[in-house]
Structure formats: structure tokens, C-alpha cells
Amino acid sequence: MKQPDGWLGGDAFMSTIKITFIGAGSIGFTRGLLRDLLSVPELQSISVAFTDISEPNLEMVTKLCQRDITENGLSIKIHATTDRREALKDANYVICTIRVGGLEAFASDVDIPLKYGVDQCVGDTLCAGGIMYGQRGIAEMLNICRDIRENAASDVLLLNYANPMAMLTWACNKYGGVRTVGLCHGVQGGHWQIAEAFGLKQEEVDIICAGINHQTWYISISHQGKDLTGELLEAFERHEDFSRTEKVRIDMLRRFGYYSTESNGHLSEYVPWYRKRPEEIGEWIDLGNWINGETGGYLRVCTEGRSWFETDFPNWMKDAPLEYKSELRSHEHGSYIIEALQTGRVYRGHFNVVNNGIISNLPDDAIIEAPGYVDRNGISMALVGDLPLGPAAVCNVSISVQRLAVEAAVHGDDKLLRQAFMMDPLVGAVCNPKEIWQMVDEMLVAGSQWLPQYGTAIAAAKQRLETGPLLPTKDYKGAARLKVKSVEEMQQDRDAANRNAGESDKGKDRAKQ
């Protein structure tokens, strides 16, 4: 990988490198990533641009971040604009955290599948919601890539945090013409859990984790040279908290031999076994936290978080600013990658890239997540070799869905889209082909304003829905759905509401609590 424009070599670099945040109106994620970056002394004179389609959200986040910058004694002035092309002008790095369609589209991703018995906790990676989220996101990511190509620095690097991670990163690399690396904190979170289960510190536990985003597997776990991989099941089963909150992940560990990165709620909707029968869902989830499997849990916290932030923003401005200290940096990869590329300090993380043989028994064109190293020479991925056969089989099913969904989104091909739904593990376990066809019709029509590539298909779907005959659907609210809290209810515990607002961006980086 060539160095970005402004690279001088050695430990020197132009302090005027520019970093642009797309989707900067996110509540806590943008602010946290900026803190991570500006905790690095060599990056404290960078140029920063924020852009978002929501001017009110952009204004609030910019005020918070600018206040943090000023209180930390830095002279950076954030350039905030709703003009994306302007924000991208001469950018060396672009950080993307978009959610196309916002909460309105997200609600249809959860609510329409429920009518057909498909009960999701999150709906942003796979399953019915993740596939449709990908259709919206890919259409816009290709527009973003066009704007990057035409306005950013010639060797710009796109760091994508937006979900569905694999699908969006796949489309950007294959069709967008922009070097794109996908970033997620799932590996770090699971690493923390594994150390906790063994009663060790995270830095004492060595891991090798490989697979695809949100289905990455800890294929090697060791402590002081001792292999602990085979002892993990017993450690989780005896852990007071995890044995209650991670039942799906523990069962997958029991049956496949390896622990998977993503949370109980996420994982439960990627496979066909844990959410297909409403009467059994309660056996596999815990309602102490949305991420443990609550029906529509992520939609609920996002809805609550947005309402809370908009209402409580004046108090956020009164709270203490974030401190830019190295010990307060999160485990999010983005700032460490940029630091490594710009200073030459070596960083090891887990990154989402085009496979090209890194994991030898997954397809070359897939976006895989695997260990990589970053320094002044660029991002270098380690060769993993074969995944164990069981984990590889789970990943390969998901990759087939992702490939169909990417091609459908790029070409506006609703037949491929319907095939992606049919091949999805949970949708296929719950629905028959006729139900899938009708569900896709409903979801296309509901998301029509964000799906420009499907104009003809949407018109035909709308006609079918209007003229019938239609299959009967269920008045089903989900096996474990909780009420969305009002602002008044959240005001009773402001600290909890603030944590919830931060969590509504990307979940929780539990690796650094």
C-alpha cells in the first residue's frame, strides 16, 4: 500500500493531513474516534472535516467536538458542512459511519420481517434486515466512492465502520474504485470476554481470530505459551455472567469448537437454529441488555438514544469535555491505523479486507476479517490458512448471501435480492419461497426512497401488493420485545441514558471498560 499524500518518511509527516468523517452526526462514535486520533501527539495538528445529511445532528456533534478540542488546548477548527464533496476535498483519510435511511428505514427492517415470523435482535449485518440495509447502504456508498475519487487525495484510504460491514466494504473495493478497509470492535470485545472468563488480564491473553465480520472465530487462544483454546467452553460455562448472557455463543462453541466474536443477539440471527421458533427464543436470550437477544433491541436503543441526545444536548455541553490522553483511547482500530501509517509505529489489529487467499478455504472475492499489521509500509495481512471446517462452513453460507446481496444492490437486480433472502439461514428456516417473495415486495416498497436502483422492481412490487391476492401475515410483535422508553422515563437515570445514547452508535467496546 502506498503512503497517503503528505507522507515524508521516517518519523516525520505533514501535520496537515486531512481526515474527513462521513456520517459525522452520529452521537458518540464520531466524538470518540476524534478523541482517539487527537490523543496521538503527532496527530494534534491535523485538518478535520465533518459531513452529514442532517444539519441539526451535524451542528450538535460539531459543537461537542469543538468544545473538546478547545478545552484540550488544541487549535484545530472543525470544518463542518452538509456538502460532502466539499468535506472530501484533499482528504487523506475518510472515516465512514453512515446509516442510510435512519431510524425510519431501520424500523421497517425489523417490523416487516416480524409479520412473516422472522424475529431479529439487530438486523444490520445479515438476515432480512441486514440484506435490505445493505441495499440502501451500497447504493449510497458507491456515490460516496465517486465523490472520494473526484475530490480526495489521490491515495486516499477509506476506513469503513458502517454496517453491513462485509457487504459495504465488498462493494467499495469491487465497484467503488476506492481502497477500503472495514473496521469493527467485535474481536476486541470477545478478546476481553475470553480473558475475563479465564480470570486473566486482556493483555496477557494471545489470540488469533479469523473469519468474516461478526462471524470471526478465535481459532487460537494462549497464555504464557499455554494453549487454552480447548478449555474455553468450561470457562464460559462456569462464568456467572456469561453463562446467562451468552447462551447462543456458548452453544456454538460447544458444537463447533470455537468461540465467535459477535454478541448473543447478533449471532442468534445469523444462523438458523436459535430464533426460528418463537416459543424457544426465550431459552437462548437474556433481557438484561439489548445486545443479548431482545427482539428489535438495537432499534429500541437507537430510538431512545436519538430522542435523548436531542433533548439532553444542552446538558452534554455542560458536562466535562473528553480528555485527549493516550490511556483513555478506545480499542477502535481507526486511530491506530492512521498513527501507524503516519509515524511508522507498528500496530496489530483485525481488519476487513478482500480475502485473496488470506483464509484459504473461504472464497477469494469475499471480505474476510483477519489479523493484520500496520506500519510505515502500509497494511500487511497475515496468511491464516484454513479455518476449521465447521466455522468455515458457517462463514461460507453467509458469504453466499453477501455476494448475492452485493450484486443485487449494485445492479438493481431484485431476483438476486430475493435469492439472497432465500439463502439467508434464518429467513430460510422460517419462511417458504412465496412468503419470501411477498416480504421482499413489502420491504422494497417501504424503502423505495432509498433504493434508486430498484425503480422498476419497486413499481412491480407495489402493483402486486395493491392487487393481490396476498398471503396472510402475522400480527407478531416478537418473542422478546421491550417498550421504547420515553424521554421522561430516561430522565430518571441520566447516566444510564447517556450510556445508552453512546451504545446506540455502534454497540459497546467492552474491551476497554
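The values are calculated or read from the model by the stated rules, or taken from the named source; none is laboratory data. Nothing here was measured: the structure is a model prediction, and the numbers come from that model. Every residue, glycine among them, receives a Cβ derived from its backbone with ideal geometry; neighbour counts consider all protein chains shown. Surface accessibility is based on the protein's heavy atoms, side chains included, excluding ligands, DNA and RNA. Shrake-Rupley method; radii C 1.70, N 1.55, O 1.52, S 1.80 Å.
Scan segment 73-94 for residues that are small (Gly, Ala, Ser) and surrounded by 23 or more Cβ atoms within 10 Å (Cβ to Cβ) and the total you get is 2.
Filtered by the rule that a residue be within 23 Å of Asp364 (Cα to Cα), touching a residue at least 60 places away in the same chain (Cβ under 8 Å) and surrounded by fewer than 20 Cβ atoms within 10 Å (Cβ to Cβ), segment 143-186 gives Lys174, Tyr175, Arg179. Run Ser243 past the list (1) closer than 30 Å to Gly412 by Cβ; (2) free of Cβ contacts under 8 Å to residues at least 40 places away in the same chain; (3) hydroxyl-bearing (Ser, Thr, Tyr) and report the number of the one that doesn't hold. Of everything listed in (1) closer than 30 Å to Gly412 by Cβ; (2) free of Cβ contacts under 8 Å to residues at least 40 places away in the same chain; (3) hydroxyl-bearing (Ser, Thr, Tyr), Ser243 misses just condition (1).
Each row is one residue, and each column tells you yes or no for (1) assigned to a helix (DSSP H, G or I); (2) among the hydrophobic types (A, V, I, L, M, F, W, C); (3) under 13 Å from Glu339 (Cβ atoms).
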site	(1), (2), (3)
Arg31	yes, no, no
Arg35	yes, no, no
Val48	no, yes, no
Pro56	yes, no, no
Thr62	yes, no, no
Cys65	yes, yes, no
Thr70	yes, no, no
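Just for segment 226-253: of the residues that are outside any helix (DSSP H, G or I) and open to solvent by less than 50 Å² (accessible area, probe 1.4 Å), which one is nearest to Leu183 (Cα to Cα)? So the residue we want is Glu246. Determine whether segment 301-316 contains at least one residue that is more than 22 Å from Val271 (Cα to Cα), open to solvent by 30 Å² or more (accessible area, probe 1.4 Å) and outside any helix (DSSP H, G or I). Checked segment 301-316: no residue is more than 22 Å from Val271 (Cα to Cα), open to solvent by 30 Å² or more (accessible area, probe 1.4 Å) and outside any helix (DSSP H, G or I). Scanning segment 276-300 for residues that are out of contact with any Asp or Glu (no Cβ under 6 Å at 6 or more places or on another chain), outside any helix (DSSP H, G or I) and open to solvent by less than 60 Å² (accessible area, probe 1.4 Å) returns Ile285, Asp286, Asn289, Gly293, Glu294, Gly296. Scanning segment 254-265 for residues that are open to solvent by 10 Å² or more (accessible area, probe 1.4 Å) and assigned to a helix (DSSP H, G or I) turns up Arg254, Arg255, Phe256.
Of the residues making up segment 118-142, those that are open to solvent by less than 10 Å² (accessible area, probe 1.4 Å) and either within 18 Å of Thr82 (Cα to Cα) or of a type in the set (Gly, Ala, Ser) (or both) are Gly123, Ala128, Gly129, Gly130, Gly134, Gly137, Met141. Pairs linking a residue in segment 87-104 that is on the phi > 0 side of the Ramachandran plot to a residue that is at pLDDT 95 or above, with Cβ atoms under 6 Å and 6 or more positions apart or on different chains, are Asp90/Lys18; Asp90/Ala153; Gly101/Arg136; Gly101/Trp450. Take the conditions in a helix (DSSP H, G or I), surrounded by fewer than 22 Cβ atoms within 10 Å (Cβ to Cβ) and at pLDDT 95 or above and apply them to Gly390. Does it pass? Here the answer is yes, as Gly390 does meet what is asked.
The residue list Asp375, Asp386 contains one member that is closer than 23 Å to Gln188 by Cβ, among the acidic types (Asp, Glu) and without any contact (Cβ under 8 Å) to a residue 40 or more places away in the chain, which is Asp375. For the structure I just gave you, tell me whether Ala370 is in a helix (DSSP H, G or I) and either modelled with pLDDT of 95 or more or in contact with a helix residue (DSSP H, G or I) (Cβ under 9 Å, 6 or more places away or on another chain) (or both). Spelling it out, it is not the case that Ala370 is in a helix (DSSP H, G or I) and either modelled with pLDDT of 95 or more or in contact with a helix residue (DSSP H, G or I) (Cβ under 9 Å, 6 or more places away or on another chain) (or both).
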